[in-house]
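The structure under discussion appears below in the form of structure tokens.
Only the coordinates and a few stated rules stand behind these numbers; no lab work does. Since we're looking at a predicted model, the values are computed, not measured. In this analysis, Cβ positions are derived from the backbone assuming ideal geometry, glycine residues included, and neighbour counts consider all displayed protein chains.
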Amino acid sequence: MSLRTTRRPRVPARLLWALVALGLVAAACGGDDDEAGAGEATGAQSDISEQGEPVSGGSITVGLEAETNSWLPGNGSFSNAGTAIAYAIYDPLMRRGPDGEMHPYLAESIEPNDDLTEWTLTLRPDIEFHDGTPLNAEALKTVFDDYLKAEGTNTAGTLADVEMVVVDDLTVTYQLPNPNSAWPDELSLSIGWPFSPTAAAAAGDDAGSQPVGTGPFVFDSWERDNRLVVKKNPDYWQEGLPHLDEIVFRPIPDEDTRISSLSTGDIDVLQTLRQSSGVKVRELDGVDSYEALGNTTGVNIFNTTAAPLDDVRVRQALALAVDQDQIIEIQGGTGVVPPSTQMFSEEDPYWSQTVADAWPDYDPAAAGELIDEYVNDPERSDGKGAGEPVTFRYDCPPDPSLVDMSQLYQSLWAEIGVEVELRQVEQATHIDEAIGGDYQAKCFRMGLDRDPLPTLHNAWSTESAINFTRFTDPSIEENLDALAASADLEERRGLVEEISLTVNENVPMTYHGSTLAVLGARDAVKGLDAWTFPDGGEGSGTPGATTMWGAVWTTE
């Protein structure tokens, strides 16, 4: 099977973190940081207290994993923590439902042309921004042209060749350069969070500190690295919402401090994407644990252009030498998260049993045979003499749980004769090195609760600046083009399956287990998974440890 690689330009730091926020860059594995992007697939929950009927009034405090640099779509790094706040201030044009499909939210409808190069979106009528100006086609057009496509924004790259045309007062058409069956998915992200262009123009450079959306809560105040306060929108367009009078969001980066704050009642809701913390939340008295297992999974990525990991025999051996159950156990996930075999969870419509069956079982004997074959190959890629051991460096952030995991990998690979040097590296450098190709192997986080097209394109296309492993294949490129041009679910499933099989056969990465996303709430806080679509359709719960705050209430 042939391998095509391409030199990728260095990604500027601002764009890097923008890609992170959009879910295009995977964060470190093990449920560590929050920059994997908010998901849309909900999983099973542990015991939840009796909910009762919604009541109005009250204030809650929410402890989040991180601060966000700006609240203006196009400028803000909306990781899971930032997205959690955004859903209080902004409404999305589209949202993913529990069926894995995109459904209108602020939009009333969206329809493509026959070849999927134009998408016509119609807004719901009579919706206003918090400043009283109308949400209409002209507002969308101004935001699109003057802000989202502006040079230096983190959305400019995605929209560079996209044009928006106003059809009438509530209707616009997105004109795309190529077929894109996943365009509605883009409108569920910050590109599809309308904000008041009038308010943004008045605020100027300070617009990111004074967000004005259409959401259930109105921005009140922000003390960076301390708290952001939102108040009830009395003129919200969804009748009967929101229930709460106020929400206070607090960034609390330290996991133990956040859990302690929930236990003592200093905060009412906790957000975490670390499975060890999720397990601790389950054990707290008087706390409901809203859990989601989406597509995000812990992985090891291999630089397929760097010896000895440029040889598929070595990569296959490393996969065969991994006991996923041991990895999950050391991360505190036994009985909580399942082993992964692909970039889609079993709840996702694109998960494949065929792909799962094709992923190799733990077989250290077979792994050793492959390593011996490579070691004794006189033309081995690392330039060492026959019989010399395989060596490489494995990078991971310095979180204690990840250190333990790294040491377990080192031990498992040592059993097949591979010598691994462990290196601890801070998160920002970790990602920057992955983009630049300055690594051999890294722990990472991959997979997104999105349409599979952007997920797979970003991971495996030669055109992607964030194809960290440098692996691609002509069949993948062909199948990605076909995926973009198809709106048929069964055809798309088949294409995704073929891509996944090619990836697993060539092992540019190995898998740990799914990432657990948790909102832990004092049992006085209700309705975190109760939101619905405006037309009454069932919502998707608490994906990526986020929720639609308008549906939440408190009994205190």
Under the Karplus relation 6.51 cos²θ - 1.76 cosθ + 1.60, θ = phi - 60°, what is the ordered set of whole-Hz ³J(HN,Hα) values for region 274-280, x standing for Gly and Pro? 10, 5, 5, 6, x, 5, 5
Residue-ordered couplings for region 150-163, obtained by feeding phi - 60° into the Karplus form 6.51 cos²θ - 1.76 cosθ + 1.60 and rounding to whole Hz (Gly and Pro as x), are 5, 4, x, 6, 7, 10, 4, x, 5, 9, 3, 10, 9, 10
Please arrange Lys280, Lys442 by how many other C-beta atoms lie within 10 Å of their C-beta, fewest to most. Lys280, Lys442
Tabulate in residue order the Karplus-calculated ³J(HN,Hα) for region 379-388, using 6.51 cos²θ - 1.76 cosθ + 1.60 with θ = phi - 60°, rounded to whole Hz; enter x for Gly and Pro. 10, 4, 6, 7, x, 7, x, 4, x, 6
Cα to Cα, under 19 Å, and not fewer than 8 places away if on the same chain: which aspartates and glutamates meet these conditions relative to Lys149? Glu118, Glu138, Asp161, Glu163, Asp185, Glu186, Asp205, Asp206
Fewest-first sequence of Val503, Val552 by Cβ atoms within 10 Å of each Cβ: Val503, Val552
